[in-house]
Amino acid sequence: MPYYKPQVITKRQAKKQINSIGIALIIYMIATSAVWYLSYYFINFKPEIFMGYDPDLVCMLVDMITNAFLAAIVFGITASRLRLDLRDYMHSPRIRFGKRVALICLGIGLSLVVTAIPTIFYFMVHSSPSYYTFIGVFTTKNNILKNIVYFILMVLVEPVCDEIIFRGIVQRQFGHYNRFLGVFISAILYAITRSTITEALSSLFVGIYLAAVTLRYHSIRPAVTIHIFIALFSWMLNVMPQTLILIPTILIVIIYIITGIALFSRTIDFSIIHSLGPLRLWKMTFTSPAIIISLLLFVAGIVLSFMI
């Protein structure tokens, strides 16, 4: 592993770097919100704009392109300006199979708890809102195609892009100031990009967990794997017919048993997280103009979510 000599920067330089992250975050939030709200508007009020093509399919393809563009171009340019080399954060750490399973189970279990505490034992709740009516309906070739595209979007594209952005770029940049700050700030910024309170709460706690894993192994690959399995389990709950409800029930019980054993035996240990970072760095972050605008966009998005 290459050795990097720590660099001393001024407070003004740090603020400029934080603002660069904030500007990319603003673009991310505006772009993802625009895709969602415009899709909702066109599907419900202007379906003719799709010129005969399936509206759901078109919207999902646009969503994929938007996610890829934001991760590769918008945040890629930001990473270049900040002189972040993602290749250093893409190595595959050596993790025993048992620990990998435990890390994945803990991630899924945490996601389920923070999204559906009141109904977790009924297993009747979707772990994320279903924006499309075709989800889980495989009666026609068109619906099968749309379910496949939905799977690719939700289980592969979004998790990979989110990890590149929030753990690969945001966490790493803030980690240069303080590694513990990087964990919590990246999770908070990840949470405020969500469109509902439930999603934001889930993303906050899951984001802290994924950031802790990234810090522990100095790579985003474990976090990418965990995120994909969380999304896969969420997808399974959404498409699973009620007649097969026993399957996710059994899987959830197994997940919590594995997680409990791993925590009790200290197979999973994140005692490395023992600080929130210096207060002055928190103040510097949340007084950045771009970060303030991002927080305002989050509040506006929550208000709009109650109106639709």
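Things worth noting here:
- Estimated FRET transfer efficiency when R0 is 45 angstrom, pair THR287-GLN242 (beta carbons, to 0.05): 0.35
- Residue of ILE73, ILE228, ILE18 that the Gaussian network model of the chain assigns the largest fluctuation, springs spanning Cα pairs under 10 Å: ILE73
- In terms of surrounding Cβ atoms within a 10 Å radius of their Cβ, PHE45, PHE233, PHE205 rank from fewest to most as PHE45, PHE205, PHE233.
- Fraction of the pair-distance distribution of the stretch 193-308 above 17 Å, Cα-Cα pairs, percent: 73
- For the chain, the residue among ASN178, PHE205, ILE135 whose Cα projects farthest onto the positive side of the dipole built from Cβ charges is ASN178.
- Modelled spin-label separation between THR196 and SER80, with each label point placed 7 Å from Cα along the Cα-to-Cβ direction: 3.8 nm.
- A dipole drawn for the stretch 1-82 from +1 and -1 charges on Cβ atoms has a positive end, and of LEU57, ASN44, ALA31 the residue lying farthest that way is ALA31.
- Each Cα pair of the chain feeds into the Kirkwood radius, which the Stokes-Einstein equation turns, at 25 °C and 0.890 mPa s, into a diffusion coefficient of 119 µm²/s.
- Simple spin-label estimate for LEU145 and HIS218 in nanometres, 7 Å along Cα-Cβ: 4.8
- Dividing the summed -39500 (n - 2.57) terms of all DSSP H runs of n ≥ 4 by the residue count of the chain sets its mean residue ellipticity at 222 nm at -21000 deg cm²/dmol.
- For the stretch 185-227, the percent of C-alpha pairs falling in each 10 Å distance bin, counted from 0 to the bin holding the largest distance, reads 34, 50, 16, 1.
- Simple Cβ-charge dipole of the stretch 11-307, Lys/Arg +1 and Asp/Glu -1, about Cα centre, in debye nearest 20: 1300
- Length gained when the stretch VAL137-ALA31 is fully extended (0.36 nm per residue, less Cα-Cα span): 35.3 nm
- Relative contact order (%) - criterion: Cα under 8 Å, at least six apart; region: the chain: 28
Where a number appears in this text, it was derived from the coordinates with a stated rule and is not lab data. None of the values given here were measured: they were computed from a predicted structure. With ideal geometry, Cβ positions are generated from the backbone for all residues, glycine too; neighbour counts draw on all protein chains shown.
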